[in-house]
1. Quick one: would you say S294 is closer than 22 Å to V271 by Cβ and either assigned to a loop (DSSP other than H, G, I, E, B) or in contact with a Pro (Cβ under 7 Å, 6 or more places away or on another chain) (or both)?
2. Where in region 33-96 are there helices (runs of 4 or more DSSP H), lying wholly inside it, with at least 3 residues that are in contact (Cβ under 8 Å) with a residue 60 or more places away in the chain and surrounded by 21 or more Cβ atoms within 10 Å (Cβ to Cβ)?
3. Residues in region 157-166: is at least one among the hydroxyl-bearing types (S, T, Y), at pLDDT below 95 and either more than 15 Å from the chain's Cα centre (by Cα) or closer than 20 Å to C326 by Cα (or both)?
4. Within region 321-343, track down each residue that is among the hydrophobic types (A, V, I, L, M, F, W, C) and within 11 Å of E253 (Cβ to Cβ).
5. Kindly indicate which of T208, T179, T171, T242 is modelled with pLDDT of 95 or more, of a type in the set (S, T, Y), out of contact with any Phe, Trp or Tyr (no Cβ under 7 Å at 6 or more places or on another chain) and surrounded by fewer than 21 Cβ atoms within 10 Å (Cβ to Cβ).
6. Going by the conditions given, is S232 touching a residue at least 12 places away in the same chain (Cβ under 8 Å), under 27 Å from T92 (Cα atoms) and crowded, with 19+ Cβ neighbours inside 10 Å?
7. For residues that are of a type outside the set (D, E, K, R) and in contact (Cβ under 8 Å) with a residue 24 or more places away in the chain, scanning just region 350-378, find the one that is surrounded by the fewest Cβ atoms within 10 Å (Cβ to Cβ).
8. Need the failing condition index for F301 against (1) part of a loop (DSSP other than H, G, I, E, B); (2) without any contact (Cβ under 8 Å) to a residue 12 or more places away in the chain; (3) not β-branched (V, I, T), just the number.
Amino acid sequence: MLIPAMIALAYGDGGFEAFVQSFGIGLAAGLLLWVPVRHVHRDLRIREGFLIVTLFWLVLGLFGALPFVLAARPEMTFTNAAFESVSGLTTTGATVLTGLDTLPHAILFWRQLLHWIGGMGIIVLAVAILPMLGAGGMQLVKAETPGPIKDDKLTPRIKKTAASLWWTYTTITLACAATYWALGMEPFDAITHAFATLATGGFANYDTSLAYFQSDAILVAAIVFMVISGASFSLHFLSWRTGSLRPYLRNLECHTYLAILGTTSCLVAVVLYVQGIFEMPGEAMLQATFQVVSIMTDTGFASTDFSVWPSFVPVLLMLIACIGGCAGSTSGGIKIVRLVLLIKQTRRELLGLIHPSATFSIKLDDRVLSDRVVKGVWAFFFLYVAGFAAMVLLLMALGLSGLTAFSAVAACINNMGPALGAAASNFLPIDAPAKWLLIVAMIGGRLEIFTLLVIFTPEFWRRW
């Protein structure tokens, strides 16, 4: 919180007192919790790992709301501030703010900084820099890591793995910021939009998002870095360490991810050109590719208002947002690898009907997966669909239209941001109870449901 405080001093447009006060409140609360147990040293157990990870995202999301509440501009209720903070930290990008062009630089920077910290994961960051976690760090990383396979490590030590991921993340962020700057963005905009791009968050400094810059080159650069952010950062690290593209070429999830992006972009471009939305094929292709990449990677940047495009396109974009990017990326959604495993499992069931006595295994990149992994994917898919449907019904019970409820849940549980209906411009018109439900959806989506849901089971609290 001291970094945006210094930003406030540098630009002199407000927010300094709010961030200093928020820093003081956070520091005091931390000391009150730490001092009584500072001499207690115990290894973390699995159950404690799940609880700590969930509380990390909830508590830090609420503390992150303090600057929004205390700042003179914008004037925000605690509900709106909590929604904006959790949306930033979970890289959802759903906003309740308007008039972004006139907000203090410190507030704009804070929104983007929340994105960047939450993108790679605050637990992964903690494991990388806090030596006192020791062996318990592995339990925390497993609970936070997206994807169905959580035992893969880049290095023998989990602390070094976490540091390697953050090093890769930071390096690509700097490359993105330098590219934006070279293409005409001011340094402040280049850095903050790079934070949002690499985190696949989607907060922008202007109400019109990236359309504000009126630059096709910036859109192309954003496409490239969003595609990179939607792929696994483990692959990026392995490719850099080996100096080869082989990790990408051998990875089925990466192939599927790029194939879906390419096919969907071409399909949307054809629809936009045939329907006369854009007169030039090149413009249709650029706008279609940008919006498809932005939505499927769950970034949420906008180059135009896609909600007014032919209805087929917004619905298609909402559906591919549910798929999301690759496991190990900063994207939300179900993840490509789960889609691949669901297809492989379906094919195995069909082959089982034809050859009842045969045994078929499921492989991923020449690696035979255990049935436990496959069952976990089906369980996740069931919980995702059931949770999605339940939240849509609850929002409709709170008075939202079917389109608004469906798109709002899709935007929040997939950590995507943009919605349709009453929330097409922003989430400010949504009532407070609905906002708190969507906050739960954002945290559940970021922790991929299981980590959040497990702490509500009676067995979790039962003494062994």
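1. Details: closer than 22 Å to V271 by Cβ: yes; either assigned to a loop (DSSP other than H, G, I, E, B) or in contact with a Pro (Cβ under 7 Å, 6 or more places away or on another chain) (or both): no.
It is false that S294 is closer than 22 Å to V271 by Cβ and either assigned to a loop (DSSP other than H, G, I, E, B) or in contact with a Pro (Cβ under 7 Å, 6 or more places away or on another chain) (or both).
2. Numbers: elements: 46-63, 66-70, 78-89.
Per the criteria, 46-63, 78-89.
3. Let us first name the residues in region 157-166 that are among the hydroxyl-bearing types (S, T, Y), namely 161, 164.
Cutting the leftovers down to at pLDDT below 95 gives us 161, 164.
After this cut, where a residue has to be either more than 15 Å from the chain's Cα centre (by Cα) or closer than 20 Å to C326 by Cα (or both) as well, the list is 161, 164.
The answer is yes; a qualifying residue exists.
4. Initial filter on region 321-343 (among the hydrophobic types (A, V, I, L, M, F, W, C)): 321-323, 326-327, 334, 336-337, 339-343.
Matches in region 321-343: C326, A327, I336, V337, L339, V340, L341.
5. On the way: T208 fails: modelled with pLDDT of 95 or more; T171 fails: modelled with pLDDT of 95 or more; T242 fails: modelled with pLDDT of 95 or more.
Step by step, each of T208, T179, T171, T242 is checked, and only T179 is modelled with pLDDT of 95 or more, of a type in the set (S, T, Y), out of contact with any Phe, Trp or Tyr (no Cβ under 7 Å at 6 or more places or on another chain) and surrounded by fewer than 21 Cβ atoms within 10 Å (Cβ to Cβ).
6. On the way: touching a residue at least 12 places away in the same chain (Cβ under 8 Å): yes; under 27 Å from T92 (Cα atoms): yes; crowded, with 19+ Cβ neighbours inside 10 Å: yes.
Considered against the rule, which asks whether it is touching a residue at least 12 places away in the same chain (Cβ under 8 Å), under 27 Å from T92 (Cα atoms) and crowded, with 19+ Cβ neighbours inside 10 Å, S232 comes out as yes.
7. Let us first name the residues in region 350-378 that are of a type outside the set (D, E, K, R), namely 350-362, 364, 368-370, 373-374, 376-378.
Applying the additional criterion that residues be in contact (Cβ under 8 Å) with a residue 24 or more places away in the chain yields 364, 369, 373-374, 376-378.
Details: L364: 17, L369: 18, V373: 16, V374: 18, G376: 17, V377: 25, W378: 13.
Looking at residues that are of a type outside the set (D, E, K, R) and in contact (Cβ under 8 Å) with a residue 24 or more places away in the chain, I get W378.
8. Unmet for F301, out of (1) part of a loop (DSSP other than H, G, I, E, B); (2) without any contact (Cβ under 8 Å) to a residue 12 or more places away in the chain; (3) not β-branched (V, I, T): (2).
The values are calculated or read from the model by the stated rules, or taken from the named source; none is laboratory data. Source: prediction; values computed, not measured. Cβ: placed from backbone, ideal geometry, glycine included. Neighbour counts: every protein chain shown.
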